[in-house]
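Remarks on the structure that follows.
The values are calculated or read from the model by the stated rules, or taken from the named source; none is laboratory data. Everything numeric here is computed off the predicted structure, so don't read it as measured data. Ideal geometry is used to build each Cβ from the backbone, glycine not excepted, and the neighbour counts take in all protein chains shown.
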Amino acid sequence: MFALTESAADAIRRLSETPTADGVRISTSPASTDGSETGLQIQLVAQPEAQDAVVEAEGARLYLEPEAADTLEDKVLDADIDGDSIQFAIFQQPAGGQQAENGPQPAA
């Protein structure tokens, strides 16, 4: 199951503190010019699309497009916050639900 780290939840809350944004949406997008590879994009949104999966953790709202939700099913979203700069990263969850000793820890 997709998970957020505490840092990712904090980053999403910070980004969503604008009057026009209720959360962050992850959707698929072409990652190559010929459309043969799929990438992910993240954007601030006022509300989810009708088919989006809604993930809430520690006051953060994340909306996942169905194809993105399938891609991220066994992943963890992490964030590195440095002042006004936020970088997101996606990691594979350890097999068997075990937490990696030095890896990102999902938010409660």
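Does at least one position in the stretch 91-99 carry a residue that is modelled with pLDDT of 95 or more, buried (at least 17 other Cβ atoms within 10 Å of the Cβ) and either within 18 Å of Ser16 (Cβ to Cβ) or more than 12 Å from the chain's Cα centre (by Cα) (or both)?
No.
Of the residues in the stretch 49-73, how many are in a loop (DSSP other than H, G, I, E, B) and either touching a helix residue (DSSP H, G or I) at 6+ places or on another chain (Cβ under 6 Å) or free of Cβ contacts under 8 Å to residues at least 24 places away in the same chain (or both)? Step through it out loud before you land on a result.
Of the stretch 49-73, the ones in a loop (DSSP other than H, G, I, E, B) are 49-52, 58-59, 65, 73.
Filter once more, so that each one left must be either touching a helix residue (DSSP H, G or I) at 6+ places or on another chain (Cβ under 6 Å) or free of Cβ contacts under 8 Å to residues at least 24 places away in the same chain (or both): 50-51, 58-59.
Looking only at that region, the number is 4.
Taking the options Thr5, Thr18, name whichever one is surrounded by fewer than 18 Cβ atoms within 10 Å (Cβ to Cβ) and hydroxyl-bearing (Ser, Thr, Tyr). Explain how you work it out, then say what you get.
Working: Thr5 fails: surrounded by fewer than 18 Cβ atoms within 10 Å (Cβ to Cβ).
None of the other options fit; the residue is Thr18.
Can you pull out every residue in the stretch 47-56 that is surrounded by fewer than 20 Cβ atoms within 10 Å (Cβ to Cβ) and under 22 Å from Ser7 (Cβ atoms)?
Of all residues in the stretch 47-56, those surrounded by fewer than 20 Cβ atoms within 10 Å (Cβ to Cβ) come to 47-51, 53-54, 56.
Ala53, Val54, Glu56 - these are the residues of the stretch 47-56 that are surrounded by fewer than 20 Cβ atoms within 10 Å (Cβ to Cβ) and under 22 Å from Ser7 (Cβ atoms).
Would you mention how many residues in the stretch 13-48 are assigned to a loop (DSSP other than H, G, I, E, B) and touching a residue at least 40 places away in the same chain (Cβ under 8 Å)?
1
Within the bounds of the stretch 41-50, is there any residue that is within 12 Å of the chain's Cα centre (by Cα), at pLDDT 95 or above and among the small types (Gly, Ala, Ser)?
No, that holds for no residue.
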